[in-house]
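Beneath this line is the structure, given in structure tokens, with notes to follow.
The values are calculated or read from the model by the stated rules, or taken from the named source; none is laboratory data. As the structure is a computational prediction, the values presented were derived from the model and not from experiment. Reconstructed Cβ throughout: ideal geometry from the backbone, glycine too, with neighbour counts over all protein chains shown. Only protein heavy atoms, including side chains, enter the accessible area calculation; ligands, DNA and RNA are left aside. Shrake-Rupley method; radii C 1.70, N 1.55, O 1.52, S 1.80 Å.
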Amino acid sequence: MLALQGDTREHLRALESAGATPVEVKTAAQLAGVDALVLPGGESTTIGKLLDRFDLLGPLKERTNDGMPLYGTCAGLILMANEIRGGQTVPHRLSVMDVGVRRNAYGRQVDSFEAELEVKGLDDSFTAVFIRAPVVERVGKGVEVLATCDDVPVVVREGHLMASSFHPEMTGDARLHEMFVEMVTGVRGGGALGAGPPREKVS
């Protein structure tokens, strides 16, 4: 769990409920000791600057390109996207997922809302909490859309990468974290993730 900035406590609880052994990652040495990483919500520009300041940006990008599973939520999705639309910039980001996103496209904090989503792989609907959430405006050919809200992708997966526009940790429902843990298990065990063609490494 990246713990430089953002809502980490709820994610840690959800990961533990999902059967993982969560640890906080704040240094490159700690990053080297984990099997996967969750990028939390928060302020994407601030998290990106902190990744750069603590010398985590390069090592994290390298590990991700080498196959380490990564799950980004809200700001985490922005950091993973290889395209930021709408004239805004996030200079320090990973750019590892073939999606185009627009920051804060669902409005300000006061415009936060909940929505019931049908998520591929889940039997029942999932309550999603959108807080200053990004919108996915483009998905690459290798990106699988797992859920939409008003026909807009809000949960996406590309190989060992997974991301959501909203905050899955806010409702006490750990099923998306369970899905990610299953992905991690599949990668460690050499199993297929079923998310399109193999990714090309991003330099």
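Some values worked out for this structure:
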| quantity | calculated |
| --- | --- |
| Those residues of the stretch 117-169 which are polar (S, T, N, Q), within 22 Å of Arg13 (Cα to Cα) and open to solvent by 40 Å² or more (accessible area, probe 1.4 Å), in sequence order | Ser125 |
| Matching residues in the stretch 8-38 - criterion: being in a loop (DSSP other than H, G, I, E, B) and open to solvent by less than 30 Å² (accessible area, probe 1.4 Å) | Thr8, Ala18, Val34, Ala36 |
| Test set (1) closer than 22 Å to Glu182 by Cβ; (2) within 17 Å of the chain's Cα centre (by Cα) - Thr21 fails condition number | (2) |
